Each structure stands twice: as structure tokens, then as C-alpha cells.
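What follows is calculated from the coordinates using simple rules that are stated; it is not laboratory data. A quick note: this is a predicted structure, and the numbers were derived from the prediction, not measured. Because the Cβ atoms are built from the backbone with ideal geometry, glycine has one as well, and the counts that use them run over all protein chains shown.
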Amino acid sequence: MSHDSNNYRGVICSNMKTYGVANRWMPLVGWMFLIFVGSTDVLSAEQTSRFAFPFLLWLDPQISAATITPIHFALRKLGHFAEYAILAALLWCALRGTLIAFRSFVIAGFVFFASAVFAASDEIHQSFVPSRTASPNDVMIDICGAAIALALCVALRRRSQRQIRIRG
């Protein structure tokens with residue numbers, strides 16, 4: 001009886017470990033997939049303008065096309081910033097749960113580097129899509145989004161460590 005019980009416990013622990021790994025890494029993989037799909041024609045300026053222009057006209061029927069165009073441009077750049085901030089935060093969370101022995105700054109350095117490489121590869125991918133253009137400026141915006149998210153992640157980590165030291 002105890003032999004069966006030990007096997008059952010081993011299966012449960014194994015499943016819990018697998019769940020923990022999937023729980024940490026699947027959101028990141030899903031987000032990377034969304035970024036990749038967004039680099040196709042799906043989120044090109046032409047496609048997003050089909051939603052942005054009518055929405056902005058709904059907000060202000062008197063708005064001119066000359067005003068809508070820079071707003072649309074700014075929203076697209078804000079999208080770059082936000083998508084890479086989210087990417088960096090998801091990668092941070094995945095690595096913090098996986099590389100427990102590493103210091104926060106080592107993980108932050110790796111996350112920053114990986115986010116920059118992914119941003120550059122995303123722009124290279126866009127250069128092969130006829131309706132898209134690759135831009136080093138977009139890579140810089142992406143990197144800024146990742147850097148801001150990482151700064152927040154490190155600050156929150158340090159704050160939680162201080163609170164643990166105060167309580168313990």
C-alpha cells in the first residue's frame with residue numbers, strides 16, 4: 001500500500017512542477033506569438049487606421065485628418081512601448097520563478113538583452129512583410145518599454161525583499 005502511495009505522490013509532485021513551469025512560461029510564449037502575429041499585415045498602419053480613424057472621429061466629429069494622422073502615429077508607438085514592457089515583465093516573472101539562485105540584476109540584464117534581441121528580430125521580420133517597414137526607432141522604443149518595465153520589476157522586488165527582512 002505504501003509503495004502505491006509513494007508513486008501517487010511522485011506523480012502529483014511531477015504534475016505540480018510541470019504546472020508551475022507552464023504557469024510561468026506559457027504567458028510569455030503566448031505574448032511572443034502575439035508580437036510575431038502583430039508584425040505581419042494584421043497590425044500594419046493601414047489596418048490599424050481602419051479602427052483608429054473612425055474611433056477618433058466618433059470621439060470628436062470635428063477632428064481633421066491632419067490631426068488624426070499624428071495621433072494614430074503616437075498610438076502605434078505607444079503600442080510598441082507597451083508590448084515590450086509587457087514582454088519584459090513576463091520574461092522577468094518566468095525567470096524569477098525558474099532561476100531562483102540568481103540575483104535580480106543578473107536576471108534583469110538577461111531580460112533586457114533578450115528583449116532587445118527580440119525587438120530587433122521583430123523589425124527584421126517586418127522588413128519582409130510588404131505592408132510593413134522596419135525601423136531602428138521602433139527598436140529603441142521597444143527597448144525603452146522593456147527598460148521601464150524592468151526598472152519597475154527590480155524596484156518591486158527590492159521593496160518586497162525589504163518588507164520580508166523587516167518582518168523576519
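Computed from these coordinates, which is mean projected area of the Cα convex hull in nm²: [x] 17.7; [y] 9.8; [z] 15.5?
This structure yields the entry labelled [z].
Quick one: angle between helix 65-98 and the longest Cα principal axis of the chain, in degrees between 0 and 90, rounded to 10, please.
For 65-98 against the chain, the angle is about 10 degrees.
Quick one: Cα centre-to-centre distance for segment 47-80 and segment 102-168, in angstrom?
27
Just need the relative contact order of segment 43-139 here, percent rounded to a whole number, with Cα pairs under 8 Å and 6+ apart.
Values: 44 pairs, mean separation 24.5, N = 97.
Across segment 43-139, relative contact order equals 25 percent.
How high is the relative contact order of the chain, given as a whole-number percent (alpha carbon pairs under 8 Å, six or more residues apart)? All intermediate terms of the calculation are to be shown ahead of the outcome.
On the way: 129 pairs, mean separation 47.9, N = 168.
Here the relative contact order equals 28 percent.
Any idea what the dipole of segment 113-160 comes to, in debye rounded to 20, about its Cα centre with Lys/Arg Cβ at +1 and Asp/Glu Cβ at -1? Could the numbers behind the result be given before it?
Values: 4 positive and 4 negative charges, 78 e Å.
Roughly 380 debye, rounded to the nearest 20.
Nearest 20 debye, what's the magnitude of the dipole of the chain about its Cα centre given +1 on Lys and Arg Cβ and -1 on Asp and Glu Cβ? Display every interim value, and only then the final one.
Working: 15 positive and 9 negative charges, 240 e Å.
About 1160 debye.
Given the Cα-Cα distance of residue 46 and residue 134 and 0.36 nm per residue of separation, how much length would full extension add, in nm? Please list the in-between numbers first.
Values: separation 88, 0.36 × 88 = 31.68 nm, distance 1.51 nm.
Contour length minus the Cα-Cα distance gives 30.2 nm.
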